[in-house]
Amino acid sequence: MSRWAWGAAHVRFGMHLAFSNGPRRAREIGCRSLQVFCGNPRGWHKTPLEPAFVERFRADAAAAGLEPVVVHATYLINMAAPDARLYERSRKALVTELERAVQIGAHYYVIHCGHHMGSGAAAGRKRVATCLREALNRVPHGPPILLENAGGSGTELGATFEALAEMLDAAGSPRLGVCLDTCHTLIAGYEIRTPEGVAATLDHLARTVGLERLRCLHVNDAKGNLGSHLDRHEHVGRGHIGAHGFRAFFADRRLWHLPAILETPKDAPCADPDNLWRAIGIAIAAGATSVAESGRRPRRIRPDVVPARRRTKAKPLAKKKSGGKMRAARRKQRRSP
Ligand SMILES: [Zn+2]
Ligand SMILES: [Zn+2]
């Protein structure tokens, strides 16, 4: 079962890393938390996990002191899908992934609300709530499910705090929460780069979702500006949030008990540790953590050993069933975890 007893109030930084060697790599670069996909994020099929792999994953995560371990949902899942077949597939995949999350000892499962694909936002939100309720019932001992706020492009759901609150309330379970992505928050139109902006945004979140339901942060800079809905992640400090913006963000004490996971571009061999330690440096300056809590950047970090992403062939179903809108939605979803 999940246990989030990380006592001291300081932000626990981590990264989204490969499932195959995530815990080891996380330890090597100095993470305190970790996010992974629990299999190929672009495919429906999940090969059952080998007991030896599960054992090693758990042992490595424990040895590295990674808490929380977060599983990010597969991109293909769309809980808001109006198409009955895609909805059913999504629901089944969600159950399978929750079970896998239990197997590897994950503390949270983060998922995007999905796309209503022209069927209307209200109907989409209803389907999301139903899907969540069913999945939670099917996996009674699964980790809490966190809805990630969206940037709000196209028919994407969950870009406003009101919408998130509505889905959480409709699903009605204490095992639900929210993961706040800094890039998505900014491009959705919430100012988080000034002390006043952060205060107003978190006040707004408190009034709608409730701060007790905020369980995780995704720390990404944004290629798009405030309210642009352009969902492209950028290296920490290099985008429209910038180092000053992140400093203002992390200065708010209401965030200090949370894990903060980076999903920044992996376009250079040391991009991961560079982003991680830039973010930690900013957070230390803001008082959100300290050298004593987060440690120092390890001296020797090997260049990235994450295997190149496997190209998967388009599935016949996707070819046959998906219209232009669905493909566009998928293409967009691919851009950021
Ligand atoms: Zn994210
Ligand atoms: Zn995500």
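FYI, it's all coordinate maths here, none of it is from the lab. Computed from a predicted model, the values in this text were never measured in an experiment. Virtual Cβ from ideal backbone geometry, glycine too; neighbours counted across all protein chains shown.
Hand me the tally of lysine pairs in the chain: alpha carbons under 22 angstrom apart, and the pair either on different chains or 8 or more positions apart.
Eligible lysine pairs with Cα atoms under 22 Å apart amount to 24.
Helix-derived [θ] at 222 nm for the chain: sum -39500 (n - 2.57) over DSSP H runs of at least 4, divide by residue count, nearest 500?
It comes out at -12500 deg cm²/dmol, rounded to the nearest 500.
Using alpha-carbon positions, what is the distance between the centroids of segment 269-292 and segment 194-212, in Å?
Here the two parts' Cα centres lie 23 Å apart.
In whole percent, what relative contact order does the chain give with Cα contacts below 8 Å and a gap of six or more residues?
The normalised contact order for the chain reaches 18 percent.
How far apart, in nanometres, would the label points at residue 55 and residue 200 be if each is projected 7 angstrom from Cα along the Cα-to-Cβ direction?
5.6
Hey, if you put +1 on the Cβ of every Lys and Arg and -1 on every Asp and Glu Cβ in the chain, which of 108, 93, 301 ends up farthest toward the positive end of that dipole?
Comparing the listed Cα positions along the dipole, 93 ranks first.
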